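Chemist: The structure that follows is given in the form of structure tokens.
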Amino acid sequence: MHTRIFLTLAVASVQALAWQSPSADLTIRADQSGPQVNRQLFGQFAEHLGAGIYGGIWVGEDSKIPNTRGYRNDVLQALRDLKVPVIRWPGGCFADEYNWREGVGPRAKRPVKINTHWGGVTEPNTFGTHEFLDFAELLDTEAYISGNVGSGSPRELAEWVEYVTSPAGSLAAERAANGRKDPWKLPYIGLGNELWGCGGNMRAEYAADVTRRYSTFIKTPAGVRIRKAASGPSDEDYHWTEVMMRDAGRHFNAIGLHYYTITGTWARKGSATVFDEAEYAKTLQATLRMDGIIARHSAIMDKYDPEKRVWLAVDEWGTWFDVEPGTNPGFLFQQNTLRDALVAALNINIFTKHAGRVKMANIAQMVNVLQAMILTKDEKMVLTPTYHVFHMFKPYQDATSIPVEMQSPWYNKDASTMPAVSASAIRDKDGRLHVGFVNVDPGRAIAVTAKLSGATPASVSGRVLTAPQTNSHNTFDQPTVVKPAAFAGAAIESGALKVVLPPKSVVVLDLQ
Ligand code: AHR
């Protein structure tokens, strides 16, 4: 009885709001199934950069910060709650300078190096292969090691893989002597990072040959599968994809794509927290370019790989703003606002749309670097708006995508123009429908009427993420300014889904 009164009220208030708002129309083809939305689309990236590893994940066993074998407990718990499916490590640019041998054996004896790429600080090598792979096991997440192709030899890379995966031989014995008897699982190995830049400044033609060579020597024990990921293009470098697919495509199972959302120029990227509406709109427009970029790289891949054997792995993406004032420019530490949350959700909708080819994505980066999930300072930790988006979209992991068609009003600000509403839909592993929406318009609610073909849900619930301002963010002192709330703006009416999306919001619905 109470439930019925509540539902009637909810429908009445959704109707009242809908009459006052611009409208959008969505068709959800629940009678059709698209490709699987791999859980690996919600992957993370953790580089030896700033406090991405040291302080952010690893504090050491003797730290006053509560930890499990050196990993901070608060971060472990937050990542477990997120169901992180895969973590890429140790870089980034750091990867092509890294010598894995310096990161194994007794910690006190490991050489202290200089992290020449990121801030020129010392790298103690305390967090190495064992620490990373044990961390992945603690989180029940897959490991993606990005190998050194730029400055290391094929032998070094081959031996690293053998050290990790082999049950027998001298390297396995060394691993056991270092504390790990059984081989680890290593589902992914990266064949260098940004070979066109910090990974060696190679031309595509040369990189393709190098990729063939390094790939040749990566061998795993019988029955152990490893997916080799080639270093892919940046942004709109379609030539790179063409050459790599044409000349080396048979030698890898995935190719990366790096596309960062940059609002200004590399020299002046703008502040993560201080921006006006024009800059806000520019950021969102820049992130929406991901759709077309993926489409064109995919079309090239389709030419050489029509069966879609090779994954497109967007293994670095996210916002890149100026570092926070007073912080080390080499540490890439930036705050994270509601604007970042909208960027994250827009990209998730784009990845879902391209789920047939995009099979992995790794946001840059997991803790304390660029568009982070988590920020830490000494013993304090805060979850960012981006973290909350990943949490809201958890039902998408390994779900089946459902085709959608959206007719949205436009959001315009100065030269920036884009559809106000973006949407995606999936059927989760238990057969339930979920719909993810983003309304980027900072000033107007949008009323969406969604026709559902092939589904007759009786009820809808969900969560919304919004905040008073586009630059609202969480701090160590005020950690819950931006956090998800139960959503009352959706109802099922005459078989259709009616939703009123608040301005500047992310909404994920569960239809039953
Ligand atoms: O994520 C920061 C850096 O961006 C990575 O190290 C590099 O691969 C990219 O240019």
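The values are calculated or read from the model by the stated rules, or taken from the named source; none is laboratory data. Please read these numbers as outputs of a predicted model, since none were measured by experiment. As a convention, Cβ positions derive from the backbone with ideal geometry for all residues, glycine included, and neighbour counts pool all protein chains shown. With ligands, DNA and RNA removed, areas are computed over all heavy atoms of the protein, side chains included. Shrake-Rupley method; radii C 1.70, N 1.55, O 1.52, S 1.80 Å.
Chemist: In the stretch 32-55, what residues are among the aliphatic types (A, V, I, L, M) and within 16 Å of the ligand (Cβ to nearest atom)? Explain how you work it out, then say what you get.
Modeler: The initial filter retains those residues of the stretch 32-55 that are among the aliphatic types (A, V, I, L, M), namely 37, 41, 46, 49, 51, 53.
Within the stretch 32-55, Ala46, Leu49, Ala51, Ile53 meet the criteria.
Chemist: Has the stretch 192-203 got any residue that is surrounded by 19 or more Cβ atoms within 10 Å (Cβ to Cβ) and more than 16 Å from the ligand (Cβ to nearest atom)?
Modeler: no
Chemist: For the stretch 209-218, does any single residue satisfy the condition of being assigned to a loop (DSSP other than H, G, I, E, B), modelled with pLDDT of 95 or more and in contact with a Cys (Cβ under 9 Å, 6 or more places away or on another chain)?
Modeler: Residues of the stretch 209-218 assigned to a loop (DSSP other than H, G, I, E, B): 217-218.
Those still in the list that are modelled with pLDDT of 95 or more too: 217-218.
Now restrict to residues that are in contact with a Cys (Cβ under 9 Å, 6 or more places away or on another chain): none.
No, there is no match, as no residue in the stretch 209-218 is assigned to a loop (DSSP other than H, G, I, E, B), modelled with pLDDT of 95 or more and in contact with a Cys (Cβ under 9 Å, 6 or more places away or on another chain).
Chemist: Oh, and also: Among the numbered conditions (1) away from the ligand (no atom under 13 Å from the Cβ); (2) more than 15 Å from Gly56 (Cα to Cα), tell me where Lys377 comes up short.
Modeler: (2)
Chemist: If you scan the stretch 350-372, which residues turn out to be touching a Ser or Thr at 6+ places or on another chain (Cβ under 9 Å) and more than 18 Å from Thr287 (Cα to Cα)?
Modeler: Gly356, Arg357, Val367, Asn368
Chemist: Quick test for you: out of Thr337, Thr327, pick the one residue that is open to solvent by 10 Å² or more (accessible area, probe 1.4 Å), more than 13 Å from the ligand (Cβ to nearest atom) and either within 23 Å of Asn193 (Cα to Cα) or polar (S, T, N, Q) (or both). Don't jump to the end; show me each part of the working.
Modeler: Values: Thr337 fails: open to solvent by 10 Å² or more (accessible area, probe 1.4 Å).
Within the list Thr337, Thr327, the selection yields Thr327.
Chemist: Continuing with the same structure: Answer yes or no: is there a residue in the stretch 88-98 that is away from the ligand (no atom under 16 Å from the Cβ) and open to solvent by 10 Å² or more (accessible area, probe 1.4 Å).
Modeler: Within the stretch 88-98, the first condition is being away from the ligand (no atom under 16 Å from the Cβ), and the residues that meet it are none.
No: the stretch 88-98 contains no residue that is away from the ligand (no atom under 16 Å from the Cβ) and open to solvent by 10 Å² or more (accessible area, probe 1.4 Å).
Chemist: Considering only residues that are within 29 Å of the chain's Cα centre (by Cα) and hydrophobic (A, V, I, L, M, F, W, C), look in the stretch 101-125 and name the one that is most open to solvent (accessible area, probe 1.4 Å).
Modeler: Ile114
Chemist: Let me ask something else about it. Name the single residue, out of those in the stretch 400-425 being open to solvent by 30 Å² or more (accessible area, probe 1.4 Å) and among the aliphatic types (A, V, I, L, M), that is nearest to Val37 (Cα to Cα).
Modeler: Pass one, the stretch 400-425, residues open to solvent by 30 Å² or more (accessible area, probe 1.4 Å): 400, 403-407, 410, 412-415, 417, 419.
Restricting the remaining residues to those that are among the aliphatic types (A, V, I, L, M) gives 404, 406, 415.
Numbers: Val404: 14, Met406: 19, Ala415: 34 Å.
In this case the residue turns out to be Val404.
Chemist: Here are some conditions: (1) open to solvent by 20 Å² or more (accessible area, probe 1.4 Å); (2) modelled with pLDDT under 60. Ala10 meets all but one. Which one does it not meet?
Modeler: Among (1) open to solvent by 20 Å² or more (accessible area, probe 1.4 Å); (2) modelled with pLDDT under 60, the lone unmet condition for Ala10 is (1).
Chemist: Still on this structure, please answer the following. Where in the stretch 267-381 are there strands (runs of 3 or more DSSP E), lying fully within it, with 2 or more residues that are under 22 Å from Ala399 (Cβ atoms) and in contact (Cβ under 8 Å) with a residue 40 or more places away in the chain?
Modeler: Result: 311-319, 358-364.
Chemist: (1) touching a Lys or Arg at 6+ places or on another chain (Cβ under 9 Å); (2) open to solvent by less than 10 Å² (accessible area, probe 1.4 Å): which one isn't true of Ser166, the others all being true?
Modeler: Unmet for Ser166, out of (1) touching a Lys or Arg at 6+ places or on another chain (Cβ under 9 Å); (2) open to solvent by less than 10 Å² (accessible area, probe 1.4 Å): (2).
Chemist: Let me ask something additional. Here is a list of conditions, (1) over 25 Å from Leu288 (Cα atoms); (2) in a strand (DSSP E or B); (3) of a type in the set (A, V, I, L, M); (4) open to solvent by less than 30 Å² (accessible area, probe 1.4 Å), and Ile492 meets all of them except one; can you say which number that is?
Modeler: It is condition (4) that Ile492 fails.
Chemist: Can you find, within the stretch 237-266, the residue that is farthest from the ligand (Cβ to nearest atom) among those that are assigned to a helix (DSSP H, G or I) and small (Gly, Ala, Ser)?
Modeler: Pass one, the stretch 237-266, residues assigned to a helix (DSSP H, G or I): 238-251.
Now restrict to residues that are small (Gly, Ala, Ser): 248-249.
Working: Ala248: 20, Gly249: 22 Å.
Within the stretch 237-266, the match that is farthest from the ligand (Cβ to nearest atom) is Gly249.
Chemist: With a cut-off of at least 1 residues that are farther than 21 Å from Ala229 by Cα, name the strands (runs of 3 or more DSSP E) lying wholly within the stretch 99-154. Show your work before the answer.
Modeler: Details: elements: 113-115, 121-123, 142-146.
Per the criteria, 113-115, 121-123.
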